[in-house]
Amino acid sequence: MYFRVTYQLQGHQVRKMDFASFEEAEFFYFESRRMIRDGTWICASANLMSKMNMNSLYERYCSKVGRNRSAATIQNGGLAWRNHIRPLLGNKKASDIGKQTLAVWVDALREKGLTDNTIKTVKAELSNVLKMAFDYDLIKSLPTFPRLNAAPSKKKIFSPSEIQRILAGMKNPQYRLMAYVQYQLALRAGELIGLRVGCIDFESRTILIDKQHDRTKSKLNWFKRLGPTKNRIVRALPVSTELLELLKPYVEGRDKRAPLWISNYLQPVSDSAYKVALTRGFESSELEGKFTSHCLRASMLDFLVNNSGLNIQAVAWLGRHSAKVLVSRYSAPDIEKIFAVVGHKMAPTAVLNCNIPASSLIEVA
């Protein structure tokens, strides 16, 4: 067992670990507090960091503080720093960054064509480094960022008939079935690619969603690239009898640990190959707009929210999402139904007094 000391006194952030005994840690604690009060305390790492610019501080953050983040978060954060933070703020010291500097930086990103949604994600990486600088007393307070009007982004939504046209345009039957599974279960692409034979339970008529395939770990084999789902939720989702019959040939006689989808080269289907097949199917459908694999998930969630009759909590359970996100991204007010209910002559006396359900008024109207 090892002991560590961490505290803050008179603007000094003291952190030291790996003491072999409690007595050693206690001695360091009282001695360091005495030195701080006497003005003789010198923190070598803090003095060194005070001379660093933002690029050097970011390297220290990645190696010391942010190294336990997920691989995808580290990769996306590094891209954001290289493309949008380093060119404008990288050579500045943390003490040089204030409210005005951040306002100029945000304006420059907007001129480059970045939306406030994108700037908000870039801001998170910059905030991490500034918070570390504040913890080490390199800056007296955290600077204020300008207000960002970030709106929830919505994927292109396709109707069930349009999804059928896209699936019909996919020539390979396995890729077509993969798209059908992703649509019916509202899966993320990584969750679809990460399915194993043992995830399918014919007795309970469920498919277990517990892993996803991480495309950022390209140098590892298929099994080592399996990780927890995006929000770390494990759920057995119900599936139709029709879908189970379609999946039987992919399951019978196979090892339960094996990947569910196998290519013609007897290798697990890759994320890129699946997305290419989807793109060709969309091109064959001659539909307009931009189509990605996530549109299948978004289209199903939109259908469940607005047309299935399930309440929002049930859809959130199926989609492994929060109800707040479902409302903001996958639903819109049905103006016609609102007018049908509120404008009906029976509405004031019937609906408001809970005598007649609103659905019956819609049918009469």
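Using just the helices of the chain, give the 222 nm mean residue ellipticity in deg cm²/dmol: DSSP H runs with n ≥ 4 each add -39,500 (n - 2.57), and the total is spread over all residues, rounded to 500.
Rounded to the nearest 500, it is -14500 deg cm²/dmol.
For the stretch 158-213, what's the radius of gyration and Dmax over Cα atoms, in angstrom?
Rg, Dmax (Cα atoms, Å): 12.3, 33.
Using DSSP to define loop residues, name the trypsin sites (Lys or Arg not before Pro) in the stretch 213-277 whose beta-carbon has at most 12 other beta-carbon atoms within 10 Å.
Here the trypsin sites (Lys or Arg not before Pro) that fit, given the DSSP loop and packing criteria, are K219, R232, K256, R257.
When the chain is modelled as a GNM with alpha-carbon springs shorter than 10 Å, which of I97, I335, I85 fluctuates the most?
Looking only at I97, I335, I85, the largest GNM fluctuation is found for I335.
Helix 271-285 against the longest principal axis of the chain: what's the angle in degrees, Cα atoms only, rounded to the nearest 10?
40 degrees
At a threshold of 8 angstrom on Cα-Cα distance, excluding pairs fewer than six apart, so keeping six or more, what relative contact order does the chain reach in percent?
Reported relative contact order: 14 percent.
Working from Cα positions, state the angle (0 to 90°, nearest 10) between the long axis of helix 173-185 and the longest principal axis of the chain.
80 degrees
Taking the Cα centre of the chain as the origin and placing charges on Cβ (Lys, Arg +1; Asp, Glu -1), which of C62, S240, S299 is farthest toward the positive end of the dipole?
C62
Compute, for the chain, the length of the dipole vector about the Cα centre, with Cβ point charges of +1 (Lys, Arg) and -1 (Asp, Glu) only. Units Debye, rounded to 20.
860 debye
Using modelled backbone amide H atoms (1.01 Å from N, in-plane), which distant-in-sequence or interchain residues come within less than 5 Å of Q212's amide H?
Excluding prolines and chain starts, which carry no amide H, the hits are G227, T229.
Can you tell me the 0 to 90 degree angle between the C-alpha axis of helix 71-80 and the longest principal axis of the chain, rounded to 10?
It is inclined by approximately 70 degrees.
Out of the stretch 117-147, which trypsin sites (Lys or Arg not before Pro) are coil in DSSP terms and have no more than 11 other C-beta atoms within 10 Å?
K140, R147
Post the alpha-carbon centroid distance, the stretch 87-118 to the stretch 181-227, in whole angstrom.
About 39 Å separates the Cα centre of the stretch 87-118 from the one of the stretch 181-227.
Please go through the stretch 230-274 and write out the chymotrypsin sites (Phe, Trp or Tyr not before Pro) that DSSP classes as loop and that have at most 10 other C-beta atoms within 10 Å. Please list the in-between numbers first.
Numbers: sites: Y250, W261, Y265, Y274; in loops: W261, Y265.
Here the sparse-neighbourhood loop sites are Y265.
For the pair V276 and F223, what calculated FRET efficiency results from E = 1/(1 + (r/R0)^6), where r is the Cβ-Cβ distance and R0 = 35 Å, to the nearest 0.05? Before the final figure, lay out the partial values.
Numbers: r = 23 Å, r/R0 = 0.66.
FRET efficiency, F223 to V276: 0.90.
Which sequence of M35, M132 reflects their accessible areas, 1.4 Å probe, from the largest down?
M35, M132
Quick check: with the 1.4 Å probe, what order do I36, I233 take by accessible area, largest first?
In descending accessible area the options line up as I233, I36.
Going by amide H atoms built from the backbone, whose H comes under 5 Å of the H on R196, apart from near neighbours?
Residues meeting the criterion, in which the H sits 1.01 Å from N, are L260.
The values are calculated or read from the model by the stated rules, or taken from the named source; none is laboratory data. Please read all numbers here as calculations on a predicted model, not as lab measurements. Because the Cβ atoms are built from the backbone with ideal geometry, glycine has one as well, and the counts that use them run over all protein chains shown. Calculation scope for accessible area: heavy atoms of the full protein, side chains included, ligands and nucleic acids excluded. Shrake-Rupley method; radii C 1.70, N 1.55, O 1.52, S 1.80 Å.
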